[in-house]
1. Do you know which residues across the stretch B:191-228 are within 14 Å of chain A (Cβ to nearest Cβ) and β-branched (Val, Ile, Thr)?
2. Do we have A:Pro241 as in contact with a Cys (Cβ under 9 Å, 6 or more places away or on another chain) and either more than 30 Å from A:Ser38 (Cα to Cα) or touching a residue at least 40 places away in the same chain (Cβ under 8 Å) (or both) here?
3. Do we have B:Phe79 as hydrophobic (A, V, I, L, M, F, W, C), surrounded by fewer than 17 Cβ atoms within 10 Å (Cβ to Cβ) and touching a Ser or Thr at 6+ places or on another chain (Cβ under 7 Å) here?
4. Quick check on my filter: what residues within the stretch B:266-278 are touching a Leu at 6+ places or on another chain (Cβ under 8 Å) and either over 20 Å from A:Ala173 (Cα atoms) or hydrophobic (A, V, I, L, M, F, W, C) (or both)?
5. Report yes if A:Ile287 is outside any loop (DSSP other than H, G, I, E, B), in contact (Cβ under 8 Å) with a residue 12 or more places away in the chain, among the aliphatic types (A, V, I, L, M) and in contact with an Asp or Glu (Cβ under 7 Å, 6 or more places away or on another chain), otherwise no.
6. Filter the stretch A:189-233 down to the residues that are touching a Pro at 6+ places or on another chain (Cβ under 9 Å), more than 26 Å from A:Asn136 (Cα to Cα) and of a type in the set (Val, Ile, Thr) and list them by number.
7. Restricting attention to the stretch B:27-78, which residues are under 15 Å from B:Gly13 (Cβ atoms), among the hydrophobic types (A, V, I, L, M, F, W, C) and touching a strand residue (DSSP E or B) at 6+ places or on another chain (Cβ under 8 Å)?
8. Which count do you get for residues in the stretch A:193-213 that are over 20 Å from the mean Cα position of the chain (by Cα) and surrounded by fewer than 16 Cβ atoms within 10 Å (Cβ to Cβ)?
There are 2 protein chains.
Amino acid sequence: MVKKIRNIALIGGTHGNEMTGVYLIKKFQKYPHLIERSSLKILTFLANPRAIEARQRYIETDLNRCFSREALDEPETFFYEQILAKNIDQKIRDHQTDLIIDLHSTTSQMGLTIIICDGHPFHFQLVAYLTSLNPNIKVLRYRYAQENLLLRSLTELGFAIEVGAVAQGVLDAALFQQTEQLIYHLLDGLEKYNQGDDFNGCKSLTLYQVIERIDYPRTGEDITAMIHPDLQFKDYHPLHPGDPLFVTFEGETIHYQGDCTVYPVFINEAAYYEKGIAMCFTEKQEIIL
Amino acid sequence: MVKKIRNIALIGGTHGNEMTGVYLIKKFQKYPHLIERSSLKILTFLANPRAIEARQRYIETDLNRCFSREALDEPETFFYEQILAKNIDQKIRDHQTDLIIDLHSTTSQMGLTIIICDGHPFHFQLVAYLTSLNPNIKVLRYRYAQENLLLRSLTELGFAIEVGAVAQGVLDAALFQQTEQLIYHLLDGLEKYNQGDDFNGCKSLTLYQVIERIDYPRTGEDITAMIHPDLQFKDYHPLHPGDPLFVTFEGETIHYQGDCTVYPVFINEAAYYEKGIAMCFTEKQEIIL
C-alpha cells in the first residue's frame with residue numbers, strides 16, 4: 001500500500017465548457033467546510049479560467065494534453081495552454097500533492113465514470129470502495145500516450161471524474177448533485193484510508209479497459225457518417241459483431257466488423273471529432289482484489 | 001394569399017457548432033437533385049464558415065443577431081459577423097429570395113420545432129400542412145426585438161427549423177434524418193402551393209407563443225441556480241403554478257410563482273446562458289385557419 005494521502009488537488013474547468021466541474025469548484029470555494037476532512041489538505045482551483053470565461057474547451061490548444069514532462073520542461077512554449085500547464089505543474093508541486101481529482105463532463109452517456117490511468121493497487125481498492133457505495137459508478141482504465149499526458153498524470157495517484165451525458169456549456173442539476181455526492185464519498189474514503197482502513201471488504205471490481213480508439217469514416221478530413229441511432233447514448237452496452245456502428249449521410253448502415261464483443265465509451269463526444277475519435281472500444285474485466 | 005414562392009434560401013451553419021444544419025447543407029450541395037423542385041430555385045449556403053471550422057457558435061458576435069436594417073446599413077462595422085451579415089444580406093437580395101429556411105439545433109428537448117416570427121397567414125397554412133404530415137412537429141412563434149433581427153427576417157416569409165436535444169458540436173443521426181424529412185415535406189409543400197394548392201384541408205393549428213424570457217437567478221453576473229431536474233428536457237410540457245423551476249447550488253428548490261400554466265421552451269439552451277435566458281415561457285394557442 002501507499003503512504004498516507006495528505007495533499008489533494010481538486011480541479012475543475014480544465015476544459016472551459018465542462019460546467020459541472022466549474023460550478024462544483026466554485027461551490028467548494030464558497031463553502032470550504034463541505035470538503036474539509038481532518039487528515040486531508042485540499043487545494044481547489046479552476047484550471048483554465050480564460051477558457052471558462054469564453055465557455056470554450058480551450059483557447060489555443062487542449063490544456064489536458066499539455067502535461068508530458070517533455071512539454072513541461074520545454075523552454076520555448078508557444079500556446080496559452082502550454083504556459084498555463086507549467087504554472088499548474090508548479091502549483092501541484094508547491095502543494096506537495098499526493099493525489100489529483102480532475103472534474104470533467106462529456107456529451108456521451110457515461111453516467112458517473114471514474115477514469116484511472118493504470119493498475120495501481122490503491123486506485124483499484126479506492127474505486128472498488130466507491131462502487132460499493134454507488135453501484136452505478138463505472139470504472140474506466142485509459143492509458144494515454146506519453147506525449148499527450150493529462151493533468152491528473154502529474155502525480156502518481158489520481159483520477160478523472162467524467163460525467164454525462166451533458167452538452168458543453170450546460171449545467172445538468174441531477175449530474176451536478178450526483179458528482180458532488182461522489183466527491184464526498186471519495187474524500188470520506190481517503191479519510192478512512194488515512195485512519196487505517198484498507199478497504200478489505202471490497203474483493204472485486206468491474207473495470208472497462210480502453211483497447212482501441214475508433215474514428216468516424218472519413219474522406220480526407222471530412223466525416224462521411226454519423227454514430228448509428230441504435231448506438232447513440234449506449235455507452236458501456238455490449239456491441240456485438242455485426243451490430244450497427246455508423247450510418248452514412250446517405251442512410252447506409254456500417255456494421256461493427258470485429259470478432260469479439262466490446263463495450264464502447266465516449267460515443268459521440270463533441271470534443272473528439274477534431275481528435276479523430278468517434279468512440280473508444282473497451283474490454284470488460286473483472287479484477288480480483 | 002401571397003404570390004408564388006419561387007426563390008428559396010436554405011441555410012445552415014448560422015451558428016458554427018450546430019452540426020445538423022451544417023451537414024444537411026453539405027449533403028444537399030453534394031446531391032442537389034434531392035432538393036430540386038420544378039417550381040423552386042433553391043440557394044443553399046453555410047452562413048458562417050469560419051465559425052463552423054472553429055466549431056463555435058460565432059467568432060466575435062452572434063451572427064443571428066446582426067440582421068436589423070439599421071445594423072446592415074451602418075457603414076462602420078466592427079465585428080467579423082457584422083461584415084458577414086452584410087454579405088449574406090446581399091446574397092439574399094441577389095437571389096431575389098422569397099423565403100428563407102434557416103437550420104438550427106438546440107441543447108433543449110425541442111424535438112422538431114418550426115419557429116415563425118409573426119402571424120402571416122401563409123406561415124400558418126404551410127406549418128399546419130407540415131404538422132398534418134408529422135404531428136410531432138411543434139410550432140413556435142417568437143418575435144425578436146427589432147435591434148437584434150435574425151437572418152430569416154431578411155425576407156417577409158421564412159422559418160427557422162430548430163431541432164434538439166443535441167449537444168453543440170454533435171451530430172445526432174436520428175435528428176439529422178428527421179430534419180432532412182421535414183425539409184423535403186417543406187419543399188414539397190411549397191411546390192404544391194405553387195401548383196395552386198392552398199392547404200385548405202388544414203383547419204387549425206396548435207401554436208406556442210413566446211410570452212416571456214426567464215433568466216437564471218443570479219448574484220451579479222454569476223448564476224446561483226440550475227434548471228430543476230424535474231424540468232430538464234420538459235420543453236412544451238405544462239408548467240403549473242408552484243412547480244419546481246430551479247434548484248440552487250445549495251440544493252434549495254425555487255418554484256414557479258406565476259398565476260397561470262405556461263409551456264417552457266429553450267430550457268437550458270447552452271448558448272443562452274450568456275444571453276440571460278434560462279428558458280422561454282410560452283402560451284399554448286389554437287389557431288383556427
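The values are calculated or read from the model by the stated rules, or taken from the named source; none is laboratory data. Predicted model only: the values in this text are computed from it and were never measured. In this analysis, Cβ positions are derived from the backbone assuming ideal geometry, glycine residues included, and neighbour counts consider all displayed protein chains.
1. B:Thr219, B:Ile223, B:Thr224, B:Ile227
2. yes
3. Working: hydrophobic (A, V, I, L, M, F, W, C): yes; surrounded by fewer than 17 Cβ atoms within 10 Å (Cβ to Cβ): yes; touching a Ser or Thr at 6+ places or on another chain (Cβ under 7 Å): yes.
Considered against the rule, which asks whether it is hydrophobic (A, V, I, L, M, F, W, C), surrounded by fewer than 17 Cβ atoms within 10 Å (Cβ to Cβ) and touching a Ser or Thr at 6+ places or on another chain (Cβ under 7 Å), B:Phe79 comes out as yes.
4. Our first condition is that a residue be touching a Leu at 6+ places or on another chain (Cβ under 8 Å); within the stretch B:266-278, this holds for B:267-268.
Selection gives B:Ile267 alone.
5. So A:Ile287 does not fit the description; no.
6. Answer for the stretch A:189-233, where residues must be touching a Pro at 6+ places or on another chain (Cβ under 9 Å), more than 26 Å from A:Asn136 (Cα to Cα) and of a type in the set (Val, Ile, Thr): A:Ile223, A:Thr224.
7. B:Phe28, B:Leu43, B:Phe45, B:Leu46, B:Ala47, B:Ile52
8. Qualifying residue count, the stretch A:193-213: 8.
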